[in-house]
2 protein chains.
Amino acid sequence: MSKLSKEDIEKKLLRFPDWEYFDEAIHAEFEFESFKDCFSAMSRIAFECEALNHHPEWTNVYNVLNISLSTHEADGVTNKDFKLAEAIDAIVVPEDED
Amino acid sequence: MSKLSKEDIEKKLLRFPDWEYFDEAIHAEFEFESFKDCFSAMSRIAFECEALNHHPEWTNVYNVLNISLSTHEADGVTNKDFKLAEAIDAIVVPEDED
């Protein structure tokens, strides 16, 4: 799995309006109604991470979740990160915004 | 719920060897066998947070969990933080280290 170029990443990000690229990772911040809603989404994401064998750096404060995705072995962003971002968006982004 | 003094916090921390005080919060880092073990602990902690109506700032990367506790309304550390730290220790610290 090789590191994507900045150009490739920015092209791909056109399909991921909640995500942005900086510091060799893609990042998103999601806000929920409550801590319970936020942690429920985290639980659903956790299962996807295990299924894809790819894991985020993520921080939660009450109803806000910050997620950063990068591929350690490639020292940057790879298709694995976009695959996980897609799974995360499917969980957290309301269907009418999808 | 009023902010505890540095002296009070450091005295209390004697009973919390995994935690340290800096930047107006108490912090701990826990390492688990796997992401699954780590996220399982986070799920159990999430229920305690709801029960205590007090929530951490916490970051997970694979099998490592960093937790910071402070009380926003008090702009520092209060007994609420120590109550949650106690609940967290009961979940994550193996009994023989307790």
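The values are calculated or read from the model by the stated rules, or taken from the named source; none is laboratory data. All values reported here derive from a predicted model rather than from experimental measurement. Quick reminder, even Gly has a Cβ in these numbers, built from the backbone with ideal geometry, and neighbours come from all protein chains shown. Heavy atoms of the whole protein, side chains included, go into the accessibility calculation; ligands, DNA and RNA do not. Shrake-Rupley method; radii C 1.70, N 1.55, O 1.52, S 1.80 Å.
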Original post:
Taking a threshold of 26 Å on the Cα-Cα distance, which of the pairs A:11/A:83; A:11/A:80; A:36/B:6; A:11/A:36; A:83/B:36; A:6/A:36 fall above it?
Top reply: A:36/B:6; A:11/A:36; A:6/A:36
Original post:
When all C-alpha to C-alpha distances in the range B:6-97 are sorted into bins of 5 Å, what percent of pairs does each bin hold, rounded to whole numbers?
Top reply: 3, 13, 27, 25, 19, 9, 3, 0
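Accessible area per residue for the range A:6-97 in Å², computed with a 1.4 Å probe and the full protein assembly in place, what is it?
57
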Subject >> Rounded to the nearest 20 debye, dipole of chain A from Cβ charges on Lys, Arg, Asp, Glu >> reply: 300
Subject >> Net charge dipole size for the protein assembly as shown [Lys, Arg +1 and Asp, Glu -1 on Cβ; Debye, nearest 20] >> reply: 100
**OP:** Multiply the residue gap between residue B:8 and residue B:51 by 0.36 nm, knock off their C-alpha separation, and tell me the result in nm, one decimal place.
**Re:** 13.0 nm
Original post:
Which angle between 0 and 90 degrees, to the nearest 10, do you get for helix B:35-52 versus the longest principal axis of chain B when only C-alpha atoms count?
Top reply: 40
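Please give me, ordered by residue number, the GluC sites (Glu not before Pro) of the range B:8-48 that lie in loop per DSSP and have at most 11 other Cβ atoms within 10 Å. Spell out each step's value before the answer.
On the way: sites: B:10, B:20, B:24, B:29, B:31, B:33, B:48; in loops: B:24, B:33.
Within the range B:8-48, the qualifying GluC sites (Glu not before Pro) (loop, at most 11 other Cβ atoms within 10 Å) are B:33.
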Original post:
Where does chain A land at 222 nm, in deg cm²/dmol rounded to the nearest 500, when only DSSP H runs of n ≥ 4 count, each adding -39500 (n - 2.57), divided by all residues?
Top reply: -12500 deg cm²/dmol
Subject >> Solvent-accessible ranking of B:93, B:61, largest area first, probe 1.4 Å >> reply: B:61, B:93
Subject >> Paramagnetic reach from residue B:75 (point 7 Å along Cα→Cβ, amide N under 19 Å) across the range B:9-27 >> reply: B:9, B:22-26
Original post:
Summed for both chains, how many Å² of accessible area, to the nearest 100, are buried between A and B with a 1.4 Å probe?
Top reply: 1400
Original post:
Say a label goes 7 Å from Cα toward Cβ at residue B:66 in every copy; what distances in nm does this one have to the rest, shortest first?
Top reply: 1.0
Original post:
Given a cut-off of under 8 Å on Cα pairs at least six residues apart, what relative contact order in percent is computed for chain B?
Top reply: 33
